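Some notes on the structure that comes next.
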Amino acid sequence: MIVAKIYRDKNNYIKKYTIEGHSDYDSYGKDIVCAAISVLSQTTLLSLVEVCGLEENNIKYSIDEETGFLDVELPKNIEKFKLDRTQILLESLVVGINSVIESYPEYVALKNGEV
């Protein structure tokens, strides 16, 4: 099962997300559930730089494709304008994950945490 975890601060801003595991919906290369979550989570990471204007070297992230692990944490100090943009993007990630869960609830879970 893929477990996605969204971490929010006391102001309800998403500051971090992790994706962990494999769905085991189908064999490697044919797993549409894993592919959907991978595309959502990796596009979000790329878009934090390309769309929101964050410096890549200021974003803490790690990826382990073999274990299906992605960990992304926003920088501590972000200008309000950029922070607002990141939240639109990150809330869209949540919408996308929930959409996958609606169709494949036994293969993906979404959890919440605090930072």
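Assorted remarks:
- For the residues 28, 107, the requirement of being of a type outside the set (A, V, I, L, M, F, W, C) and modelled with pLDDT under 95 singles out 28.
- Subset of the range 5-41 [at positive phi and open to solvent by less than 90 Å² (accessible area, probe 1.4 Å)]: 21, 29
- Any pair with Cβ under 8 angstrom, 6 or more apart, that starts in the range 20-46 at a residue that is free of Cβ contacts under 8 Å to residues at least 12 places away in the same chain and ends at one that is of a type outside the set (Val, Ile, Thr) and surrounded by 15 or more Cβ atoms within 10 Å (Cβ to Cβ): 31/22; 31/23; 31/25; 32/25
- Number of residues in the range 43-65 that are part of a strand (DSSP E or B), open to solvent by 70 Å² or more (accessible area, probe 1.4 Å) and not hydrophobic (A, V, I, L, M, F, W, C): the value is 2.
- Some residue of the range 69-76 being over 22 Å from residue 10 (Cβ atoms) and either at pLDDT below 95 or within 13 Å of the chain's Cα centre (by Cα) (or both): yes
- Qualifying residue in the range 66-80 (condition: surrounded by 12 or more Cβ atoms within 10 Å (Cβ to Cβ), in contact with a Cys (Cβ under 9 Å, 6 or more places away or on another chain) and either among the polar types (S, T, N, Q) or under 17 Å from residue 112 (Cα atoms) (or both)): no
- Selection of the range 36-64 for residues being under 13 Å from the mean Cα position of the chain (by Cα) and farther than 26 Å from residue 81 by Cβ yields 36, 37, 38, 39, 62, 63.
- Count of residues meeting criterion [closer than 16 Å to residue 103 by Cβ and in contact with a Ser or Thr (Cβ under 9 Å, 6 or more places away or on another chain)] in the range 1-31: 4
- Filter result for residue 30 (out of contact with any Pro (no Cβ under 8 Å at 6 or more places or on another chain), among the charged types (D, E, K, R) and within 18 Å of residue 111 (Cα to Cα)): no
- Of all residues in the range 93-115 being over 12 Å from residue 6 (Cα atoms) and small (Gly, Ala, Ser), the one that is least open to solvent (accessible area, probe 1.4 Å): 96
The values are calculated or read from the model by the stated rules, or taken from the named source; none is laboratory data. Only a predicted model underlies this, so the values are computations on that prediction, with no experimental measurement involved. Note that each Cβ is placed from the backbone with ideal geometry, even for glycine, and that neighbours are counted across all protein chains shown. Please note that ligands, DNA and RNA were not included when accessible areas were found on the heavy atoms of the full protein model with its side chains. Shrake-Rupley method; radii C 1.70, N 1.55, O 1.52, S 1.80 Å.
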